[in-house]
1. Here are ARG332, ARG307, ARG318: which of them is open to solvent by 50 Å² or more (accessible area, probe 1.4 Å) and within 17 Å of GLU20 (Cα to Cα)?
2. Does ASP270 meet the test of being surrounded by fewer than 20 Cβ atoms within 10 Å (Cβ to Cβ), within 15 Å of ligand 2 (Cβ to nearest atom) and among the charged types (D, E, K, R)?
3. Can you confirm whether the range 76-84 contains a residue that is aliphatic (A, V, I, L, M) and open to solvent by 70 Å² or more (accessible area, probe 1.4 Å)?
4. Please give the strands (runs of 3 or more DSSP E) falling wholly within the range 172-264 in which 2 or more residues are open to solvent by 10 Å² or more (accessible area, probe 1.4 Å) and not hydrophobic (A, V, I, L, M, F, W, C).
5. Give the residues of the range 15-67 that are closer than 22 Å to GLY350 by Cβ, aliphatic (A, V, I, L, M), in contact with a Gly (Cβ under 9 Å, 6 or more places away or on another chain) and not in a helix (DSSP H, G or I), sorted by residue number.
6. All but one of (1) at positive phi; (2) in a helix (DSSP H, G or I) hold for GLY12; state the number of the condition that does not hold.
7. Of everything in the range 224-239, what is within 15 Å of ligand 2 (Cβ to nearest atom) and within 18 Å of ASN194 (Cβ to Cβ)? Give them in sequence order.
Amino acid sequence: MSKNILILPGDGIGPEIVTEAVKVLATLRDDFGLDIDMDEALVGGAAIDATGGPLPGATLDLAKEADAVLLGAVGGPKWEPLDITIRPEKGLLGLRAGLGLFANLRPAILYPQLADTSTLKPEVVSGLNILIVRELTGDIYFGQPRGVRVLENGERQGINTMVYTESEIRRICRVAFDLARTRHKRVCSVDKANVLECTELWRQVATEVAAEYPDVALSHMYVDNAAMQLVRNPKQFDVMVTGNMFGDILSDAASMLTGSIGMLPSASLDEHGKGMYEPIHGSAPDIAGQGVANPLATILSVAMMLRYSLGDAGLADRVEAAVSRVLDQGLRTPDILSQGMQQVGTEAMGDAVIAALVAGA
Ligand code: IPM
Ligand code: MG
């Protein structure tokens, strides 16, 4: 039976990069026998403009029915003046919560062709292959109480709550340990157990889960040290598992090791492997509409979709190989441009990936 994919272009560069990823999906459908159909819906600022809210009920319903969701990016200066409860980002958070997408996989892989575009020395980052497993539906992002209140003395007070139940910690740790088994069998759990009780519990539960995986080595690291180690010696890491907010921050840091945040895909999975796939970069309003955004993170998100939700690791490998071939050819969007390489725009980059995909068949 054909699998249904919901396409959510979103805002800023979202529509441009998603267009290229949809072209890749269409090629896989037409030339490689991938049995899919695609629907498109509104999310984020685009949905606010059309319907008044960032996550229309129709979009959430379609997302619930779909086998997988491909999302571009949401947000932009146009919607920043809005109340925080109805900003574009709430559409993304609503999808994550509404679909139960608790497991966010953010691989940071350095393509050897891009070793000299990282701001770190090539010897520090060459061969880098880290997987950050970020919990995505809990923590301070969703904890109650939250908000801004006025105290008796008239002063305003802002409140957010870091909260995790042990079952939430256990299930994300199991995802990390299962994935470590397919890699180098090392998990580093990141917390702030020296200060925060919530993450002291995180450390205890991670240790309990490790007992189920005697073949996987668990280490613990405080988040401040983890941020430092990521830029000091990132290759020490295999799988990192952490909470929602620490994972948000560390995955941006990790992305820079690879040369450009424009290269990094992500998967957000529920208990059953259903997923939403998105580049980890944002909507980049400063370059939106110029045709210069890097579509590779979104195309690589399609590869993750093939692997985790569509059960076609073979096609996932082919998409990843096509991206690698295009980099071999010296084609670069501005964010990954270096000496002697050929600068191309969003559309030319997408076309080149498709050509490499077809040529490699
Ligand atoms: C990310 C983004 C989102 C987050 C924003 C856009 C809500 O930074 O996916 O990392 O904080 O999770
Ligand atoms: Mg982020």
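The values are calculated or read from the model by the stated rules, or taken from the named source; none is laboratory data. Note that the structure is a prediction, hence the values are computed from the model and not measured. Here the Cβ positions follow ideal geometry from the backbone for every residue, glycine too, while neighbour counts run over all protein chains shown. Side chains included, ligands, DNA and RNA excluded: accessible areas come from the protein's heavy atoms. Shrake-Rupley method; radii C 1.70, N 1.55, O 1.52, S 1.80 Å.
1. On the way: ARG332 fails: open to solvent by 50 Å² or more (accessible area, probe 1.4 Å); ARG307 fails: within 17 Å of GLU20 (Cα to Cα).
Selected residue: ARG318, the only one of ARG332, ARG307, ARG318 that is open to solvent by 50 Å² or more (accessible area, probe 1.4 Å) and within 17 Å of GLU20 (Cα to Cα).
2. no
3. Let us first name the residues in the range 76-84 that are aliphatic (A, V, I, L, M), namely 82, 84.
Now restrict to residues that are open to solvent by 70 Å² or more (accessible area, probe 1.4 Å): 84.
Taking every residue of the range 76-84 in turn, at least one turns out to be aliphatic (A, V, I, L, M) and open to solvent by 70 Å² or more (accessible area, probe 1.4 Å).
4. 217-222
5. Across the range 15-67, the qualifying residue is only VAL43.
6. All conditions are met except number (2).
7. Step one: of the range 224-239, the residues within 15 Å of ligand 2 (Cβ to nearest atom) are 227, 230.
Listed by number, the list holds a single entry, ALA227.
Here is a yes/no grid of residues against (1) more than 23 Å from ALA355 (Cα to Cα); (2) of a type outside the set (D, E, K, R); (3) outside the structural domain of ASP317 (by TED's automatic domain parsing); (4) open to solvent by less than 60 Å² (accessible area, probe 1.4 Å):
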{"residue": "LEU8", "(1), (2), (3), (4)": "yes, yes, no, yes"}
{"residue": "PRO15", "(1), (2), (3), (4)": "no, yes, no, yes"}
{"residue": "ASP39", "(1), (2), (3), (4)": "yes, no, no, no"}
{"residue": "GLY45", "(1), (2), (3), (4)": "yes, yes, no, yes"}
{"residue": "ILE48", "(1), (2), (3), (4)": "yes, yes, no, yes"}
{"residue": "PRO56", "(1), (2), (3), (4)": "yes, yes, no, yes"}
{"residue": "THR59", "(1), (2), (3), (4)": "yes, yes, no, yes"}
{"residue": "ASP67", "(1), (2), (3), (4)": "yes, no, no, yes"}
